[in-house]
Every structure is written in C-alpha cells, then in structure tokens.
Amino acid sequence: MGHRERLLAGARRCLYERGYARTTARDIVAASGTNLASIGYHFGSKEALLSAAMIEAIDEWGEELKRALITNADVSSMEPTERFEWIWTRVIESFEAHRPLWVASFEAFVQAQHSPELRKQLAAGHEEARFGLAALFQNLDESAVDERTAKTVGSFYVALMSGLVTQWLLDPQRAPSGRDMSEALRTIVANVQGTELTSERGDERTKRGSSNDEQDEKSA
C-alpha cells in the first residue's frame, strides 16, 4: 500500500474516531504512518484529503447497500412502493454503524463555506450521489441514468437523504422509519394526482363554458 492509499485509510480512521473538524494533519500522519509532506504532495491540503476519504467512505456505504439489494432475491419482485420502503429501512439501519461518517459530512459542509476548493470537491461528490441514488431507487444500472434523470430524480433522493440524516442525527426516536417514508410518498402522490385531476376538470368546465358562449353568440 502506497502513501496515498495509507493517507486515505488513515484519514477515514480519523473521521470515524475524531470527526472532520477535530482531525489535524498530525492525527492523519500518526494514523497512516506517513509524513506531513505526503499530504501536500498527494492531496494538496488536509481538507482535500479528508473530503476524499469521506467521499470514498460514502461510496463504499452505497456499494454495501447495493450488495444488500442484490443478495435479497425478494427485492426484484417487490412493488415500487414496497421496494422504496425496503431501501429506506436498510438506509436507516446503516446510520448507526456509520454515524461518525454522517456527522463528519455535516462538519465538512460548514468548512466548505470558507473554502472554494473544498466546496467544489463536495459538490462533485453530490453530483455522483445524484446518479447513484437515482440508479439505486429506480432499479437501474448507473450507466443508464441520464443527466436529466440525475438532475430531477437524483436530486430528489439526495434531498430526502440529507433531510433524513439530519432528523436521525438530531432526534432518532422521532425520525421517520422506512414505512413512514413509504406512507408519506403514497400520501403525496395521491394529493398531487388529486390536484391535477381537479385542475383538469376545471379546465374542461372552462372549455365547455367558452364553447357554449360561442354558440350563444352565433345564435344571436
């Protein structure tokens, strides 16, 4: 294992043990058995190294979730809402094991407000997440997810993930479960569809009214 890989492994260990904000460059050096110069050479800065390690850890978390889907034969035969609930249940179950990772991600977001380089790095990670989450929930290969799907569907799931993590970190007892998420989805979809139906009926009535007015004018 070269210095770069050792630095990433050491940084990940520090993220889980100390968090993003409290980890120093010397902590990473001690955990990786490398030296301070290696951080600058391979990553440019401690922040860039920590962010790379965090993104790598989140990617591995996503791969774990995918493997869980693959090994569960029943998932492929589930109805969409059932699959939606099952995935969110597995996501929530994983939060406890990876709690330090999610805390570190929020600490990184705060630091990114003062570092354009870090913000760019995290934004790139979010873009990857859009494609990954869209593929996961839509039951697609990631290569089949186009830019528009990532922008719309992927961004929607990123928003759900961020909001769920926030609630779970602050108040896990009252954070929604996978079943709650599924119930909410059905309620929202029914409400949206009902609104659209009401709007369509209103348009039809307007059209009929306009048609009747035109016939009255012709008769007159």
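The values are calculated or read from the model by the stated rules, or taken from the named source; none is laboratory data. In this text the structure is predicted, and so the values were computed from the model without any measurement. Methodologically, a virtual Cβ is constructed for each residue, glycine included, from the backbone with ideal geometry; neighbour enumeration extends over all protein chains shown.
You will find that of Leu122, Leu136, Leu160, the residue that is out of contact with any Lys or Arg (no Cβ under 7 Å at 6 or more places or on another chain), within 30 Å of Gly19 (Cα to Cα), at pLDDT below 90 and crowded, with 16+ Cβ neighbours inside 10 Å is Leu122 and no other.
Filtered by the rule that a residue be over 24 Å from Ala53 (Cα atoms) and surrounded by 13 or more Cβ atoms within 10 Å (Cβ to Cβ), the range 75-118 gives Val75, Met78, Thr81, Glu82, Arg83, Phe84, Glu85, Trp86, Ile87, Trp88, Thr89. Residue-level analysis places Ile39 among those that are of a type outside the set (Ser, Thr, Tyr), at pLDDT 90 or above and in a helix (DSSP H, G or I).
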